Amino acid sequence: MPHGKTEFEEISPADFFYRYRDIAGFSNPARAIFSAIRELVENSLDACEVRGILPDIYLRLSLEEEHDDVFVYRLRIEDNGSGVPGEHIPKAFGQVLYGSKYRLIQSRGMFGLGGAMAILYGQITTHKPVFVMSSTGDGDIHKYSLMIDIKNNKPVILSHEEEENRDGWHGTVIEFCLEGDYSKACPKILEYLKQTALVNPYANITFVDPRGRLYRFLRATTEMPPPPKETRPHPRGVDVEMVRRMIAEAGEGTLKDFLVKNFQRVGPRTAEKFLEFAGFDPEGDPRSLGPEEVVRLVRAMREFKGFIAPDASCLSPLGPELLEAGVKKELKPEFVAVCQRRPSAYGGHPFIVEVAIAYGGQVPSPRSGKITLLRFANRIPLLYDEASDVSRKIIDEINWRRYRVTPDMPVAVVVHICSTRVPYKTVGKEFIADRPEVRHEITQAIREVARKLQVYLARKERKHVAMKRFSVFKRYLPMIAEFSAKLAGKPRPDVRPLLDKVRESFIQEEMDSGEEVEENIM
C-alpha cells in the first residue's frame with residue numbers, strides 16, 4: 001500500500017463482534033462461559049413465558065478437551081419453550097443480529113445478539129459446529145448442524161434432519177463447544193442461577209457442572225406473571241429516524257390519522273391539540289413532510305405537555321406475591337417486605353420498579369459494611385459493575401441507622417425494574433443508568449420497605465427488652481414465694497400460672513409503649 005493511502009472496507013455484524021467481542025461480555029474465558037450460560041438461559045425463559053409455559057430448563061457443562069491451560073467445554077441447554085419454526089432456525093442461531101426482540105415489547109434481551117454471540121464465540125475458539133434441535137409442537141422436529149460464515153454473517157448448514165413429532169414435543173435444544181475457565185467462573189454462574197431462581201420462582205432449573213455436581217432450583221409456585229404485550233411507541237420516546245420510517249410505511253391518510261394509528265395514548269382530540277401546538281395542518285399528508293418538517297415535528301413531540309403518560313399495560317412485572325415467594329424460597333429470611341411502585345416513565349418508555357427487603361435467615365452477611373444488593377432488570381440478574389448501578393448509589397446514600405439497620409446486620413435489598421427499554425448503560429447489560437425518574441422510583445420503594453423493616457426491628461427489640469425484664473422476675477419470684485410460704489407455715493404455691501400472666505403483661509406493656517413511636521415512623 002503506498003505511503004499515506006487509506007483503504008476502506010465493509011465488515012459484517014458477525015465480523016464486527018468477532019473482532020470486538022469484549023463489548024458483548026466475552027472478554028476472557030471465565031467471563032465468556034458465564035455470558036454464554038446467561039444468554040441461553042434467558043432465551044429459554046423468554047421462549048417459555050411467551051406462551052405461558054412453566055419453564056423446565058436443563059443445563060449441562062462438561063469438559064471436552066484440555067490442552068495445557070486451555071479448557072474446551074461442551075455446553076448443552078434444553079427447554080420446553082415455544083420452539084423455533086424450522087425455516088427460522090438457521091438464521092436464528094447462525095446469523096448475528098437476527099431474532100424476535102426488535103419489537104417494542106418487554107423482554108430479557110434487547111439486541112437479538114446473546115445466543116448467536118455465544119455460538120459465535122464457541123466457533124472462533126474451537127471451530128466446531130453447533131447442534132440445534134427444535135419444534136413448535138404442531139410440526140416436525142428439526143435438527144440442524146450449523147456454523148456461521150463470519151465474513152458474510154450468514155448461516156452455513158452442515159446437516160438438516162426432520163423427525164416426526166409424535167408426542168407433540170415443543171422446545172429447543174442447543175449444544176456446542178467453547179473455550180472457558182469454569183473454575184474461575186463457577187461462583188458467578190452459581191450465583192446467577194440462584195438469583196434467576198429467586199426472580200423466576202415459577203421455573204425449574206437444573207444444572208450439571210463439569211465435576212458432575214447437580215444443582216436443582218425447584219419452582220416455589222405455579223403462578224406466572226401475565227406475558228408482556230407489544231405496544232406502539234409513545235410520542236416522547238421516538239426520534240427523527242423512527243418517525244421517518246413510520247411515515248414511509250404509512251398508507252393514505254391525514255397527519256391526524258397518522259398520529260392516532262401509530263402512537264399509543266394519542267386520540268383525535270390530543271392529536272389536534274398537538275398539531276395546532278406544532279404548527280401543522282391536521283388534514284395534511286404525512287408523506288409530504290420534508291426532512292426539516294419531520295425534525296420540527298419530533299422536537300414538538302418532546303416539548304408538548306398534553307400527551308398522556310405511556311401505557312404500562314404492556315409491562316409484565318413480577319408482582320409482590322411472586323417476588324416475596326422468590327425471596328423466601330432462596331434466602332429463607334426471618335422477615336421480608338415487598339413494594340411495587342406505580343408505573344412511571346422516562347423518555348417516553350414506561351417502567352415499573354419492584355423492591356424487596358429481607359432480614360435474617362440465610363441472607364448473607366454484609367461485605368465491607370455494605371448492605372447486600374440483588375439487582376434485576378426484566379427478571380435478569382445483574383452481577384457485574386454493581387458500583388456503577390443507580391441502586392447501589394441510592395443504598396449507599398441512605399442513612400440506614402435511621403431504620404435501625406446497623407452495618408453488621410444480615411440485610412438484603414432486592415431491586416427489580418421492568419420496562420420495554422431498560423436504561424442499561426452498556427451493551428453488556430450489567431448496570432442501570434442513573435436516570436432521574438428511575439432514581440426517584442427506586443429511592444421511594446427502598447424507603448417504603450425500609451420503614452416496614454424498621455417497625456419489625458423495633459418490635460423485636462422491645463420484645464427482647466420485655467423478656468430480659470421477665471427473666472429477672474422469673475428468677476426471684478419462686479424464691480420470694482418459697483420464703484413467704486415458710487414464714488406463713490404453708491406449702492409452697494405453684495407460681496407458674498402467675499409467671500405466664502406476668503410474662504404476657506411485660507410483653508404487652510413494651511408493645512403498647514412503642515405504638516406511638518410506630519405511628520410516627522409510618
Of the candidates Gly52, Ala358, Gly122, the farthest towards the positive dipole end of the chain (Lys/Arg Cβ +1, Asp/Glu Cβ -1, centred on the Cα centre) is Ala358
Between segment 116-184 and segment 231-274, what is the C-alpha centre distance in whole Å? 40 Å
Yeah, segment 181-269 with a ≥ b ≥ c from its alpha-carbon gyration tensor (a/c under 1.5 is rounded, else prolate when a/b outruns b/c, oblate otherwise) is prolate
Once all Cα-Cα distances of segment 349-405 are split into 10 Å bins that start at 0, what whole-number percent is in each one? 16, 54, 27, 3
With +1 on each Lys and Arg Cβ and -1 on each Asp and Glu Cβ, how big is the dipole of the chain about its Cα centre, in debye rounded to the nearest 20? 2560 debye
For segment 208-360, with only Lys/Arg (+1) and Asp/Glu (-1) charged at the beta-carbon, what is the dipole magnitude about the Cα centre, in debye rounded to 20? 660 debye
Report the calculated FRET efficiency for Glu461 and Lys184 (r = Cβ-Cβ distance, R0 = 45 Å), to the nearest 0.05. 0.55
Fraction in percent of alpha-carbon pairs per bin - 5 Å, segment 171-330: 1, 8, 12, 14, 10, 7, 7, 8, 9, 10, 8, 5, 2, 0
Sorted from largest down, what three extents in whole angstroms do the Cα atoms of segment 366-432 have along their principal axes? 36, 19, 18
Considering only Tyr18, Pro497, Val294, whose Cα is most displaced toward the positive end of the charge dipole of the chain, charges sitting on Cβ of Lys, Arg (+1) and Asp, Glu (-1)? Pro497
Where the accessible area of the chain is counted over protein heavy atoms with a 1.4 Å probe, how much of it, in %, is carbon and sulfur? 50 percent
Would you mind pulling out the separation of the Cα centroids of segment 341-375 and segment 72-97, in Å? 32 Å
Tell me the mean residue ellipticity at 222 nm calculated for the chain from its helices only (DSSP H runs of n ≥ 4, each -39500 (n - 2.57), averaged over every residue, nearest 500). -13000 deg cm²/dmol
Regression test value, accessible area per residue of the chain, probe 1.4 Å, units Å², expected 50 Å²
Debye sum, Cα scatterers, segment 276-403, no solvent: what log₁₀ I/I(0) at q = 0.10, 0.20 1/Å? -0.53, -1.27
Can you give me the orientation-averaged projected area of the convex hull built on the Cα atoms of the chain, in nm²? 38.0 nm²
Restricting to Cα atoms and excluding each atom paired with itself, what does the Kirkwood estimate give for segment 352-486 in Å? 17.3 Å
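The values are calculated or read from the model by the stated rules, or taken from the named source; none is laboratory data. Predicted, not measured: the structure shown is a model, and the values here were computed from it. Heads up, the Cβs are rebuilt from the backbone with ideal geometry, glycines too, and the neighbour counts pull from every protein chain shown. For accessibility, only protein heavy atoms count, side chains too; no ligands or nucleic acids. Shrake-Rupley method; radii C 1.70, N 1.55, O 1.52, S 1.80 Å.
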